[in-house]
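All remarks here apply to the structure that follows.
The values are calculated or read from the model by the stated rules, or taken from the named source; none is laboratory data. Keep in mind the model is a prediction, meaning the values are calculated, not measured. Cβ: placed from backbone, ideal geometry, glycine included. Neighbour counts: every protein chain shown.
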Amino acid sequence: MKKDQVVNCQFSVWYPLFKKHTIKSLILPLPQNVIDYLLDDGTLVVSGSTENSHQCSQTNHSDSEGEDDVQWSDDETTTVVTAPEFPEFNSKVQEAINTLGGRVFPKLNWSAPRDANWIALNSSLQCQSLSDIFLLFKSSDFVTHDLTQPFLQCSDDSPDPVINYELVLRKWSELIPGGEFRCFVKENKLIGISQRDYTQHYQHISKQEESISASVLQFFRDNIQHQFPDEDFVLDVYRDSMGRVWLIDFNPFGEVTDSLLFTWEELTSGNSLTAGNTEDGPALQERPAFRYTTSEVTVQPSPCLSYRIPRDFMDLSTGEDAYKLIDFLKLKKGQQESSSEDEADPHVTST
């Protein structure tokens with residue numbers, strides 16, 4: 001994988017070439033102060049929200065008569081953390097969101113914050129405001145990689161190209177995961193198609209294997225082949241219920257891109273993955289290898305689960321579950337009482 005290949009997979013590079021085959025999108029330059037905010041590793045206070053400050057308090061609590069009651073003392077130190085505001089950028093983003101129907105799917109030059117959907121409402125990447133976007137971006141390792149190490153796995157030693165970072169807003173579309181496929185192209189030949197959401201089994205894929213493979217191959221030959229700047233690349237497509245294929249994204253042909261149901265050793269080796277369509281013996285044409293999860297294969301957990309934090313922690317931090325908060329305070333109270341008793345007992349020693 002070369003650095004030029006990574007550059008060519010930027011959304012703003014390929015979108016003008018294939019605009020009529022993909023989802024309507026708008027591209028906004030990302031100001032440097034916004035980039036600095038996204039990379040700031042301090043307290044997560046979401047800029048652009050109606051409540052743009054967060055109070056961090058340190059307090060001592062005293063015992064109360066009721067078992068479940070907690071009384072906080074007045075001895076309190078409060079630090080107010082205020083998020084920076086970007087009124088001009090916020091105005092441009094909101095205007096773009098409104099132009100696209102009020103709901104968008106956000107991404108940067110390459111990556112979408114798919115690893116951060118756990119923090120969003122209903123675990124969805126649908127955004128309606130800049131604060132929604134910031135919450136996802138500041139929680140995403142994928143976005144951080146785009147901003148800090150986009151050429152990490154490139155093989156050439158040439159200086160890193162200068163990148164103008166951009167916010168990409170795509171019109172929100174309800175895509176069924178079972179209709180998404182990743183296509184691997186080598187030397188301008190489609191050599192492999194993989195089910196995108198390989199963690200699930202979708203019955204319609206096995207039933208429509210031939211038609212899916214044929215329609216994706218035809219779409220590639222009619223609209224993509226020899227028109228992308230590189231001859232080695234990966235593209236994601238979506239096949240709707242009517243059988244029409246849509247372009248979703250381009251990715252570099254290399255290990256930075258998830259190979260899904262293939263291995264990169266298979267994709268990069270000299271051995272061809274294509275198979276002949278045989279009807280009376282001779283191959284009528286080469287077709288790509290098509291892999292999908294069958295009912296016999298154990299369904300796997302999503303690879304993005306490793307980026308999540310425990311649900312109990314989320315409930316405590318947001319206060320969504322009052323009973324968990326009460327149990328937590330009881331536990332802390334019990335630990336403090338136990339600690340006080342141990343300090344008062346001269347026969348107790350610590351190890």
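At a glance:
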read-out	value
Among (1) surrounded by fewer than 18 Cβ atoms within 10 Å (Cβ to Cβ); (2) out of contact with any Leu (no Cβ under 7 Å at 6 or more places or on another chain), the one test that Asn90 misses	(2)
Count of residues meeting criterion [over 16 Å from Tyr292 (Cα atoms) and part of a strand (DSSP E or B)] in the range 233-270	10
Qualifying residue in the range 143-166 (condition: part of a strand (DSSP E or B) and in contact (Cβ under 8 Å) with a residue 40 or more places away in the chain)	yes
Failed criterion for Asp41 (all others in (1) farther than 30 Å from Tyr238 by Cα; (2) crowded, with 18+ Cβ neighbours inside 10 Å hold)	(2)
Number of the exception - Asp157 against (1) at pLDDT 95 or above; (2) closer than 15 Å to Val6 by Cα; (3) among the charged types (D, E, K, R)	(1)
Hits in the range 86-118 (condition: within 11 Å of the chain's Cα centre (by Cα) and in contact (Cβ under 8 Å) with a residue 60 or more places away in the chain)	Phe105, Pro106, Lys107, Leu108, Trp110, Arg114, Asp115, Ala116, Asn117, Trp118
Within the range 1-45, considering residues that are hydroxyl-bearing (Ser, Thr, Tyr) and more than 22 Å from Arg244 (Cβ to Cβ), the one modelled with the lowest pLDDT	Thr43
Check on Gly192, small (Gly, Ala, Ser), in contact with a helix residue (DSSP H, G or I) (Cβ under 8 Å, 6 or more places away or on another chain), buried (at least 16 other Cβ atoms within 10 Å of the Cβ) and in contact (Cβ under 8 Å) with a residue 40 or more places away in the chain	yes
